[in-house]
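Step one of this worksheet: look at the structure below.
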There are 2 protein chains.
Amino acid sequence: MSQSNCMVAQSGGPTTAINASLAGVIHGVMNSGKYDTCYGSINGILGILNERYLNLSTAMASPESLKRLCLTPAMYLGSCRYKLPNYRDDDSPYVFIFNQFEKLGIKAFFYIGGNDSMDTVLKLSDYAEKINSDIRIIGIPKTIDNDLCATDHTPGFGSAAKYIASTMLEVAHDTFIYAVKSVTIVEIMGRDAGWLTAASALARNEYNTAPHFIYLPETPFDQEQFLEDIRKKLETLNNVIVAVSEGIRDKEGNYITSSQAMADQFGHQQLSGAGKALEFLVKENIGVKVRSVEINVLQRCAAHLTSATDLKESFTQGQKAVSLAEENVTASMVTLERTSNDPYRVSYSHAPIRGIANEAKLIPREWINEAGNDIKPELEEYLRPLIQGEAAVEFENGIPVYMPVPHLNPQP
Amino acid sequence: MSQSNCMVAQSGGPTTAINASLAGVIHGVMNSGKYDTCYGSINGILGILNERYLNLSTAMASPESLKRLCLTPAMYLGSCRYKLPNYRDDDSPYVFIFNQFEKLGIKAFFYIGGNDSMDTVLKLSDYAEKINSDIRIIGIPKTIDNDLCATDHTPGFGSAAKYIASTMLEVAHDTFIYAVKSVTIVEIMGRDAGWLTAASALARNEYNTAPHFIYLPETPFDQEQFLEDIRKKLETLNNVIVAVSEGIRDKEGNYITSSQAMADQFGHQQLSGAGKALEFLVKENIGVKVRSVEINVLQRCAAHLTSATDLKESFTQGQKAVSLAEENVTASMVTLERTSNDPYRVSYSHAPIRGIANEAKLIPREWINEAGNDIKPELEEYLRPLIQGEAAVEFENGIPVYMPVPHLNPQP
């Protein structure tokens with residue numbers, strides 16, 4: 001009998017859950033009646049073009065390895081930002097890739113990633129159809145931005161949301177200590193969709209009302225209204241904390257960066273983001289103590305604080321991809337449907353990749369308050385289940401133990 | 001019998017361990033044969049001037065409360081940046097404070113803080129001596145900067161160091177995923193002392209050699225040498241990661257900020273810190289992909305990731321302060337001596353406040369390599385024991401449970 005193997009790769013930006021989906025794929029293959037070896041392509045689709053593979057069936061043979069992989073941040077297999085050309089313009093990479101598939105006995109290809117990665121899944125699927133290949137091509141979602149269509153939420157988002165909510169509460173404790181008026185701006189990732197910034201609201205509890213304002217890319221940002229919001233809040237509160245998405249834009253659609261905020265004041269360019277821009281605005285117009293905090297890459301790589309719910313769902317979506325391929329599904333992405341919110345329950349399914357790639361799911365306007373400076377309870381109810389549970393990372397010698405990645409950034 | 005009470009307050013910047021010292025004081029008073037009630041002054045010494053107190057003996061009566069307090073970031077009692085005048089110039093605040101002490105039956109005053117706070121301890125001690133007061137005045141150290149003299153290391157530092165080391169490892173995983181040349185600059189707190197930046201070295205393990213360079217305030221920063229370091233490293237490594245202290249300075253003693261770095265290039269001012277400055281330098285001179293990450297306040301408030309060793313020592317130093325006061329010690333700070341490094345053992349003592357206040361302890365030059373771009377093994381051996389052990393924060397509803405602080409930043 002000829003070999004029946006499969007291949008998996010990862011692409012796009014890191015999350016703390018994307019390796020759990022990888023582990024789910026490997027586990028699915030191990031328990032599969034159809035596939036033998038699971039190959040990993042290093043640095044996404046580029047790994048095939050460069051013929052750089054790992055045999056994951058042997059590398060991850062032990063349950064301990066799989067468990068550690070689940071808890072390891074970023075991509076174990078590395079990533080890429082490579083965009084496949086349209087095969088009608090240039091089919092050479094496709095010819096190479098499908099030759100590699102044949103050479104390695106690949107019957108199914110799993111690509112874990114976000115929006116751009118689903119574009120690759122779509123293109124490979126289209127080409128497979130054109131050449132009548134029976135290789136099954138399945139996308140597994142992943143993005144802290146939570147902006148993929150056709151699925152209730154995306155792997156990686158829940159963990160990032162938990163990190164943001166926890167960090168916001170800690171920043172509140174940090175901020176409340178001084179009895180002087182102050183404004184703290186917390187900049188959170190999200191270029192087009194504000195889901196992650198919205199998750200900062202989960203930091204609110206019986207003594208903490210921060211963040212006091214939440215500004216999202218989904219509603220136009222008005223500098224005067226922002227200053228008015230802050231001035232008014234400072235009348236009754238010492239320490240005002242603001243959550244702002246990096247992607248906020250004015251009503252003309254221009255990003256709010258400090259270059260804009262400062263150009264008005266000093267006539268020259270600054271090179272910083274939305275948080276710094278709001279910091280400058282407050283400094284120049286209100287004059288209280290002000291600080292901006294950019295959470296930066298930590299929100300997508302802090303695997304020491306992940307959502308157990310997210311990791312479990314990410315793992316299961318990896319397994320699901322394998323069973324879908326076994327059932328001959330192709331040109332699809334694994335999806336997740338919330339069947340109940342209280343108690344929280346989900347079911348796993350799939351959707352055609354064509355309606356997903358290159359589309360973005362934004363926060364519905366009705367989940368944002370009228371003033372556009374906070375979220376509504378409906379959104380909080382949607383978010384809360386996703387951050388439940390803590391995945392226990394092991395520590396050794398004072399730092400977390402993650403799966404070694406000597407094949408990435410190799411030493412000379 | 002007249003009342004014999006004591007008072008405690010917190011001052012300076014937040015750490016994740018300063019409330020453990022507060023809990024240690026409260027616990028010490030509970031078990032004291034000499035003191036009845038423990039009062040907390042809200043917002044440091046300002047709380048006395050404003051007569052804002054909490055009765056901590058009742059508020060923290062349960063063991064559960066004390067345990068939760070230990071794990072709560074920043075200052076439960078709030079902080080201040082108030083500097084007492086010299087009593088020879090203006091004794092009015094001193095008169096008020098010691099009147100308050102008398103009114104409340106205060107026999108001992110404990111002040112938990114860093115360098116500036118120890119200046120307050122010194123001034124109150126001097127005034128107490130002048131008026132022949134028998135009130136015992138004891139400082140309890142606290143600072144993530146680890147720059148207090150007379151003690152092996154300071155409460156709060158170990159937890160911040162653990163956070164930095166863990167975060168650096170996670171940033172490495174995040175950075176290694178792309179097979180393209182890149183430089184990542186991680187800016188870490190420390191204006192004068194580089195202890196915390198040095199702790200990033202603890203992220204190194206058998207597969208991770210990052211940070212590849214460490215730049216500290218203790219040695220002069222040379223832009224040309226820095227660029228040479230990076231260029232050379234990029235010849236053999238794809239992803240270079242740099243840890244830099246916010247306080248690096250050139251050989252003339254000027255801080256390296258982006259205003260300087262940019263002024264050379266574009267002739268105008270920027271308003272960012274050392275990390276951004278190095279980012280611009282790499283961008284302009286080397287041209288590879290570059291990103292700077294400012295860890296910001298998270299390194300001092302991320303109580304979800306603290307060192308159990310640090311919390312235990314911080315608590316014990318709070319207890320020690322109470323027993324010192326009982327033994328009639330005054331005008332002193334609690335100190336910690338490392339009696340053995342392997343196995344790690346410490347003993348608790350005290351030192352006169354006069355030699356401590358307004359002095360700073362820097363990294364000895366012999367613990368930094370000759371090139372001034374990395375630390376030596378001796379420093380790593382000093383640091384490693386301080387980050388050992390994980391303190392288990394409780395989670396509820398997806399976020400950490402901390403001690404509520406409704407008396408800070410009160411709602412209208």
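If the condition is being buried (at least 22 other Cβ atoms within 10 Å of the Cβ) and without any contact (Cβ under 8 Å) to a residue 60 or more places away in the chain, then region B:231-243 contributes B:Val240, B:Val242. Among all positions in region B:327-335, there is no residue which is in contact with a Cys (Cβ under 8 Å, 6 or more places away or on another chain), over 29 Å from A:Ser292 (Cα atoms), more than 14 Å from chain A (Cβ to nearest Cβ) and open to solvent by 50 Å² or more (accessible area, probe 1.4 Å). Assess whether A:Pro400 counts as being of a type outside the set (A, V, I, L, M, F, W, C), surrounded by 18 or more Cβ atoms within 10 Å (Cβ to Cβ) and under 30 Å from B:Tyr382 (Cα atoms). Here the answer is yes, as A:Pro400 does meet what is asked. Screening B:Val393 with (1) in contact with a Leu (Cβ under 8 Å, 6 or more places away or on another chain); (2) open to solvent by less than 40 Å² (accessible area, probe 1.4 Å); (3) under 25 Å from B:Gly139 (Cα atoms) gives one miss only, at (3). Could you go through region A:276-289 and let me know if any residue there is closer than 25 Å to A:His350 by Cβ and either more than 12 Å from chain B (Cβ to nearest Cβ) or surrounded by fewer than 21 Cβ atoms within 10 Å (Cβ to Cβ) (or both). Within region A:276-289, none of the residues are closer than 25 Å to A:His350 by Cβ and either more than 12 Å from chain B (Cβ to nearest Cβ) or surrounded by fewer than 21 Cβ atoms within 10 Å (Cβ to Cβ) (or both). For region A:392-412, filtered to residues that are assigned to a loop (DSSP other than H, G, I, E, B) and farther than 27 Å from B:Ala179 by Cβ, the residue that is nearest to the other protein chains (Cβ to nearest Cβ) is A:Gly398. The set of residues in region B:41-76 being small (Gly, Ala, Ser) and either more than 20 Å from B:Thr16 (Cβ to Cβ) or within 13 Å of another protein chain (Cβ to nearest Cβ) (or both) consists of B:Ser41, B:Gly44, B:Gly47, B:Ser57, B:Ala59, B:Ala61, B:Ser62, B:Ala74.
Tell me, yes or no, whether region B:133-151 has at least one residue that is in contact (Cβ under 8 Å) with a residue 40 or more places away in the chain, over 22 Å from the mean Cα position of the chain (by Cα) and more than 14 Å from every other protein chain (Cβ to nearest Cβ).
Initial filter on region B:133-151 (in contact (Cβ under 8 Å) with a residue 40 or more places away in the chain): B:135-151.
Next, from what is left, pick out any that are over 22 Å from the mean Cα position of the chain (by Cα): B:135-136.
Checking the rest, the ones that are also more than 14 Å from every other protein chain (Cβ to nearest Cβ) come to B:135-136.
Looking through region B:133-151, at least one residue is in contact (Cβ under 8 Å) with a residue 40 or more places away in the chain, over 22 Å from the mean Cα position of the chain (by Cα) and more than 14 Å from every other protein chain (Cβ to nearest Cβ).
Restricting B:Pro85, B:Pro73, B:Pro14 to residues that are in contact with an Asp or Glu (Cβ under 9 Å, 6 or more places away or on another chain) and without any contact (Cβ under 8 Å) to a residue 12 or more places away in the chain narrows the list to B:Pro85.
Conditions tested, residue by residue: (1) under 18 Å from the mean Cα position of the chain (by Cα); (2) modelled with pLDDT of 95 or more.
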residue: B:Val329; (1), (2): no, yes
residue: B:Ser349; (1), (2): no, yes
residue: B:Ala357; (1), (2): yes, no
residue: B:Ala360; (1), (2): yes, no
residue: B:Arg365; (1), (2): no, yes
residue: B:Gly372; (1), (2): no, yes
residue: B:Ile375; (1), (2): no, yes
residue: B:Ile387; (1), (2): yes, yes
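Considering each residue of region A:287-333, count those that are more than 20 Å from A:Ala160 (Cα to Cα) and touching a residue at least 40 places away in the same chain (Cβ under 8 Å), and give that number. Matching residues across region A:287-333 total 18.
Here A:His350 meets the list (1) over 21 Å from A:Ile140 (Cα atoms); (2) open to solvent by 70 Å² or more (accessible area, probe 1.4 Å); (3) in contact (Cβ under 8 Å) with a residue 60 or more places away in the chain almost entirely, failing just condition (1). Got a number for residues in region A:293-331 being over 21 Å from A:Asp145 (Cβ atoms) and among the polar types (S, T, N, Q)? Adding up the residues that qualify gives 4.
The set of residues in region A:167-201 that are within 10 Å of chain B (Cβ to nearest Cβ) and surrounded by fewer than 24 Cβ atoms within 10 Å (Cβ to Cβ) comprises A:Tyr178, A:Ala179, A:Val180, A:Ser182.
Among the residues of region B:353-390, count how many are open to solvent by less than 50 Å² (accessible area, probe 1.4 Å) and within 14 Å of another protein chain (Cβ to nearest Cβ). Of the residues in region B:353-390, 7 are open to solvent by less than 50 Å² (accessible area, probe 1.4 Å) and within 14 Å of another protein chain (Cβ to nearest Cβ).
Just for region A:122-166: of the residues that are among the polar types (S, T, N, Q) and open to solvent by less than 20 Å² (accessible area, probe 1.4 Å), which one is nearest to B:Thr16 (Cα to Cα)?
First pass over region A:122-166, keeping only residues among the polar types (S, T, N, Q): A:125, A:132-133, A:143, A:146, A:151, A:154, A:159, A:166.
If we keep only those that are open to solvent by less than 20 Å² (accessible area, probe 1.4 Å) too, we end up with A:125, A:143, A:146, A:151, A:154, A:159, A:166.
On the way: A:Ser125: 51, A:Thr143: 31, A:Asn146: 31, A:Thr151: 39, A:Thr154: 32, A:Ser159: 22, A:Ser166: 14 Å.
If we take residues in region A:122-166 being among the polar types (S, T, N, Q) and open to solvent by less than 20 Å² (accessible area, probe 1.4 Å), then A:Ser166 is nearest to B:Thr16 (Cα to Cα).
Across region A:389-402, the number of residues qualifying as within 20 Å of the chain's Cα centre (by Cα) and at pLDDT 95 or above comes to 3.
The values are calculated or read from the model by the stated rules, or taken from the named source; none is laboratory data. Bear in mind that the values here come from a model prediction, so they are computed numbers and not experimental data. As a convention, Cβ positions derive from the backbone with ideal geometry for all residues, glycine included, and neighbour counts pool all protein chains shown. For the accessible areas, the whole protein counts, side chains as well, though only heavy atoms, and no ligand, DNA or RNA atoms are used. Shrake-Rupley method; radii C 1.70, N 1.55, O 1.52, S 1.80 Å.
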